[in-house]
Amino acid sequence: MSTIQDILAPRLDVSSDALLVVAIHQPGGAAVGAGTPLLDLETYKAQVVVESPGEGFVEYLCQVGDQVPTGAVLARLHPQAGFTVEAERRLSAEVSPTPGVVQERMPSPVADAASPPVPETTPALAPRFSKAARQALKRHHLDPALFQDQDLVTLRDVQSRLPPPAVQTVAPTAGQRRVALRFPPLPAELQRRIDWQPLTQAKQLEIQALDQVQRGGQVSLVTTWVRMGTLRAHIARQSEWLPESLLPLVVFETARLLRRHPCLNGFLEGERIGLYRDIHIGIAVDMGQGLKVLTLPHADTLGFRELEQLLFQRIEGYLDRTLTPGELLGSTFTVTDLSGFGVGHIQPLVNAHQSAILGIAGEDPDLHRFQLSLAFDHRVTEGREAALFLQALRERLEGHGAGPETPDAATRPVCGVCLKTLPEDRAMQGHGLLQLVDSAGRESLICQVCLMGY
Amino acid sequence: MDAAVVRQALLIRRVEETLLELFSQGRLNGTVHTCIGQELSAVAFARALVEQDVVVSGHRCHGHFLALTGDLDGLLAEMLGKVTGVCGGIGSSQHLFHQGRFFSNGIQGGMVPVAAGLALARKLRGVPGIGVAFIGDGTLGQGILYETLNLVARWRIPLLIVCEDNRYAQSTPREATLAGTIEARPAAFGIETFVSDTWDWPRLDAQAARSVAHVRATGTPALHVVRTDRLAPHSKGDDTRDAAELDAARARDLLTAHARAHPEQHGQWRAAIDREIRDLLGRIAQEPVLMLEEYHRKPRVSPRLPARRPVLPSSERLVTRLNRCFAELLAEHPEVVLLGEDIVDPYGGAFKVTRGLATAHPDRVLATPISEAAITGLANGLALAGMRPIVEIMFGDFVTLAMDQLINHAAKFHRMYNGQIGCPLILRTPMGGYRGYGPTHSQTLDKFLLGIDTLRVVALNAFTDPAGLYRALLAPGQQDPAIVIENKTLYGARIGDFQEENFIVEETIEPFPLTHIRPLHSAPEVTLVAYGGIASIAAGVLGPLFEQHDLKAELLIPSLLCPLDPRAILEAVERSGSLFVVEEGSAFAAWGAELIATIQERLGRRRPFSAHRIAALPVPIPAPRDLERQVLVEARRIIRDVVAHRP
């Protein structure tokens, strides 16, 4: 033997444009004879052994686990030992490609994840082709045997077996080992066992909205734990509308905190960042009637009870399906509350035209704490800011849970805006409550935070 | 008049006078037709009857009911709508029932063939007992009466028809609407006629006994005319009769005469009766009314779909299978009776379904006169008596003639008599065209049968064994009537014959199977639904739809149209998202519309789908071959419409 022989990935059947190298049988450079097994290939239908077409010294151009296109050079047979790569390259133009000798064998019982199990042999079914399918077979030079496991073959069935255009453009040339590969299609047996559900319009919109930020690929996540303390007792005491929910209080504190973190209340567009001047909190809810984002406009300007009432009205509107588009659009920051479902950790997805979303997880029943997660678009802000925001929010919430379990006389004076009691104010290193007389002459108390901001 | 007669007549009168009072006090819902003045007629015939006899009546039935059954408590409770009434309060005044011996209904003349059927059942079983049907002179305008007179005379059915002639049809005097004489009518059919009146008790009593004895002894029908006066209005406050005429009537009323002649005795009896009525009303007032849950429950349907099995083609033609099936049923069930026009040998029915059956069972395969209404009514009576009549209406187009018996009788009895009796009539009829029979012998009138509550509608098709369907309908425990829509083009079809490579024919394993023709493995892209004869045409498009139009379609063929079980179709449409209903009749207000509405209600929110009806054009069906096919649905049109609206 005087020339170098290329051993190409054989075409096993029309549909297998990708082959998986599952075993290499000889050490590189080993002397082989005709019929020596060189390597094993697997398509999604079968496994084959590639044998040496003649005598020589084998050089492998692939590794176990490689996906190779049909026609790619898998290995070379050199006339003498001690060949060099440079030699091959020089000679590659002159090589006469010899397809590997293929021995078919039963698929390995332990199937690789990349190659789904081959269905058990079923009685042979002669596929029936529609007129359009027959024409397409002819047009694409496809072998009808490719559909031997199908009952009826339509044009769409034929098209589904055609490689996508991206793969078609990759010409398998000698020396090129890796190309863009198509994930093998689902085995026909499995395809028949699928119930297809069309994406609802709502889901399509949702995907579009979430895709916008997530596609940037730079969404990051920070989380923190909030100790419950007497938070539930505080909420039960102060709440008029949703006495069992953490959500109103979290939203109340988040909205006010966002004023100090404008980057979390903005979005990226092209090469610029937009920061919203207003804070409209969106609440992602799904109570069985589809995922909706309820908008609480200017949430940072509302007192706790006002905010809670508005949220309650929005939830009622959601349940009664009477929400207007205005009540669903235009949020600048989203909060998603899955605490009712006992989840420990949430990794929420950032909505379109926003830069962050806050997730509320369920209470850990042993440790009496719950997790807050903040997912944010790293292109708009960075971890430090997100962490600072979460830290402040945690402190605010824990402050509300720092009072006594049951109210006593000492808890009576409360801030008229955030309903914080004196003990809670003390726990947050506050300076007590100020007497306030509004323009209508009404008297109330207000805490320092509510008066001056954080 | 002996005391018992007066007291019974007086009881009837006081009950009805009390009912009128209750009505004016607003304590009675609905209407009341009283027989005040006519009571002695009811009393006279009741005295002549025995336990095995059966009585039917019409809207003016309280007297007949009380005279026969004596169930005053049950009647009063019924009138007040109480659950303890003879029909649970459902029927009220015009719809009374008592222990299989008394039936009334509010349709003029409709109960006469039913009484004939009740009497015929006694005759067929060889048990004693005659039928008595009370009608008024107003009923003489109804055609079904004459159909029945002809039938009972020709078939020698022991039925006594009592015509209480009060000379008024509601407010119209008899002279204005009746030609000829009453007596000449039965005479034309060779029916023995008796005449008496309520003003001469001894003669009425004797004639009633004589006429009953005649029917009982000869086994032949008779008609008894009882001249009488209705002293009260037809219903309430609708009396336009002359005052002098009413005065004359009151003057000859025997109860009024008795009160005059024996004031003390009459007064005591009257007081005793009034006390009894008052006490009963007091007690009945405390009784409950029927709750909706007791009257109607939404049927529970298991969410699990029945299992399926493949349909194997048979070499037997459907008509042969039907013939064999009826031969088996006649042999197995002595209660089965086949009735219809031209169904006996040598003709064996217009479509030869009953060929040879009359020869084997001459007593239970009966050729009827051309009287669709009366034979259906007769079969209703047979069914009420526990027989299992199967009526053949020669062409589906003629079912309109039997509609009153289907809607107002068969479909009502079980429920309006509060479940005390069933009427499992089976009526089979071939619908459909493609035979060039023209506008009145080619129709698919299914839509008119589908809207009858409680009436079950089954349609044969070329993929389901018809014997299984008839056996399911004849299963014990059936209470409501059923219609089986056959199809002229089906009779020659071979059952389960379907040859399309890589398609499979399956059916659900249940009493009324649904056939599913689908690709062997592939998920169908469109769902076709068809029933009856046209299902075969629809099945024929599956191949071309695939071959020529690159479309994988499935076809579902229900055999039970009503009540509709949408589960299998629902599942198919949920998968394909595309529903085409193929119907042989026109689309408006037909089964396809109902199916689409049902699927929409169940699926609409979850899964959007498209729905289309492919049906006959809304015109009379023309006779010329090509034009008929264009008006009806042909394969070409199904393919065109499916392709045009494919998803």
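Would it be correct to say that B:G26 is farther than 30 Å from B:H214 by Cα, of a type in the set (G, A, S), modelled with pLDDT under 95 and touching a helix residue (DSSP H, G or I) at 6+ places or on another chain (Cβ under 7 Å)? No. Considering the range B:484-508, and only residues there that are within 14 Å of another protein chain (Cβ to nearest Cβ) and of a type in the set (S, T, N, Q), the residue that is surrounded by the most Cβ atoms within 10 Å (Cβ to Cβ) turns out to be B:N502. Looking only at residues of the range A:191-209 that are charged (D, E, K, R) and not in a helix (DSSP H, G or I), we find that the one that is nearest to the other protein chains (Cβ to nearest Cβ) is A:D195.
Evaluate the range A:43-52: report whether one residue or more is part of a strand (DSSP E or B) and touching a Gly at 6+ places or on another chain (Cβ under 8 Å). Scanning the range A:43-52, I find at least one residue that is part of a strand (DSSP E or B) and touching a Gly at 6+ places or on another chain (Cβ under 8 Å), so the answer is yes.
Looking across the range B:560-583, the residues that are touching a strand residue (DSSP E or B) at 6+ places or on another chain (Cβ under 6 Å) and open to solvent by less than 20 Å² (accessible area, probe 1.4 Å) come down to B:L561, B:A568, B:I569, B:A572, B:V573, B:S576, B:S578, B:L579, B:F580, B:V581, B:V582, B:E583.
Please go through the range B:613-630 and pick out each residue that is without any contact (Cβ under 8 Å) to a residue 40 or more places away in the chain and buried (at least 19 other Cβ atoms within 10 Å of the Cβ). Reasoning before the result, please.
Step one: list which residues in the range B:613-630 are without any contact (Cβ under 8 Å) to a residue 40 or more places away in the chain, which gives B:613-615, B:617-619, B:626-627, B:630.
Across the range B:613-630, the qualifying residues are B:R613, B:I614, B:A615.
With respect to A:A387, determine if the residue is in a helix (DSSP H, G or I), open to solvent by 10 Å² or more (accessible area, probe 1.4 Å) and touching a strand residue (DSSP E or B) at 6+ places or on another chain (Cβ under 7 Å). So A:A387 fits the description; yes. For the range B:22-39, the set of residues classified as free of Cβ contacts under 8 Å to residues at least 40 places away in the same chain and of a type outside the set (S, T, N, Q) consists of B:G26 only.
Find the strands (runs of 3 or more DSSP E) located wholly in the range A:210-296 whose residues include 2 or more that are charged (D, E, K, R) and free of Cβ contacts under 8 Å to residues at least 40 places away in the same chain, and list them.
Numbers: elements: A:219-227, A:266-269, A:272-275, A:281-285, A:292-296.
Fully inside the range A:210-296 and qualifying: nothing.
Candidates are the residues of the range A:139-158 that are under 20 Å from B:L551 (Cβ atoms) and facing chain B (nearest Cβ under 9 Å); the one that is surrounded by the fewest Cβ atoms within 10 Å (Cβ to Cβ) is A:R156. Per the conditions (1) open to solvent by 30 Å² or more (accessible area, probe 1.4 Å); (2) modelled with pLDDT of 90 or more, the sole criterion not satisfied by A:I357 is (1).
Checked against (1) in contact with a Phe, Trp or Tyr (Cβ under 6 Å, 6 or more places away or on another chain); (2) surrounded by fewer than 20 Cβ atoms within 10 Å (Cβ to Cβ), A:G290 passes all but a single condition, namely (1).
Taking strands (runs of 3 or more DSSP E) that do not extend beyond the range B:509-581, which have at least 1 residues that are farther than 14 Å from B:T464 by Cβ and within 14 Å of another protein chain (Cβ to nearest Cβ)?
Numbers: elements: B:514-519, B:526-530, B:553-558, B:560-562.
Counting at least 1 such residues, we get B:514-519, B:526-530, B:553-558.
Could you say whether any residue in the range B:30-39 is in contact with a Phe, Trp or Tyr (Cβ under 9 Å, 6 or more places away or on another chain) and either open to solvent by 20 Å² or more (accessible area, probe 1.4 Å) or not in a loop (DSSP other than H, G, I, E, B) (or both)? If you could, list the steps in order and put the result at the bottom.
Here is the first cut: in the range B:30-39, the residues in contact with a Phe, Trp or Tyr (Cβ under 9 Å, 6 or more places away or on another chain) are B:30-32.
When the remaining residues are screened for being either open to solvent by 20 Å² or more (accessible area, probe 1.4 Å) or not in a loop (DSSP other than H, G, I, E, B) (or both), the result is B:30-31.
Scanning the range B:30-39, I find at least one residue that is in contact with a Phe, Trp or Tyr (Cβ under 9 Å, 6 or more places away or on another chain) and either open to solvent by 20 Å² or more (accessible area, probe 1.4 Å) or not in a loop (DSSP other than H, G, I, E, B) (or both), so the answer is yes.
Candidates are the residues of the range A:124-138 that are more than 7 Å from chain B (Cβ to nearest Cβ) and of a type in the set (K, R); the one that is surrounded by the fewest Cβ atoms within 10 Å (Cβ to Cβ) is A:K138. Open to solvent by 10 Å² or more (accessible area, probe 1.4 Å) and hydrophobic (A, V, I, L, M, F, W, C), is that true of B:L473? Here the answer is no, as B:L473 does not meet what is asked.
With a cut-off of at least 1 residues that are aliphatic (A, V, I, L, M), under 14 Å from B:P221 (Cβ atoms) and outside the structural domain of B:Q420 (by TED's automatic domain parsing), name the helices (runs of 4 or more DSSP H) lying wholly within the range B:96-197. Break it down into steps so the answer makes sense when it comes.
Details: elements: B:111-125, B:143-155, B:174-177, B:184-188.
Fully inside the range B:96-197 and qualifying: B:111-125, B:143-155, B:184-188.
Within the range B:170-185, residues that are open to solvent by 60 Å² or more (accessible area, probe 1.4 Å) reach partners that are among the hydroxyl-bearing types (S, T, Y) with beta carbons closer than 9 Å, at six or more positions or on different chains, in the pairs B:Q170/B:S235.
The set of residues in the range A:316-347 being open to solvent by less than 40 Å² (accessible area, probe 1.4 Å) and in contact (Cβ under 8 Å) with a residue 40 or more places away in the chain consists of A:S331, A:T332, A:F333, A:T334, A:V335, A:T336, A:D337, A:S339. Among the residues of the range B:124-165, those that are open to solvent by 20 Å² or more (accessible area, probe 1.4 Å) and farther than 20 Å from B:G190 by Cα comprise B:L124, B:R125, B:G126, B:V127, B:P128, B:G136, B:G138.
The values are calculated or read from the model by the stated rules, or taken from the named source; none is laboratory data. Remember, predicted model here, so these are calculated numbers, not experimental data. All Cβ positions, even for glycine, are placed from backbone atoms using ideal geometry, and neighbour counts span all protein chains on display. Ligands, DNA and RNA are excluded from the accessible area calculation, which covers all protein heavy atoms including side chains. Shrake-Rupley method; radii C 1.70, N 1.55, O 1.52, S 1.80 Å.
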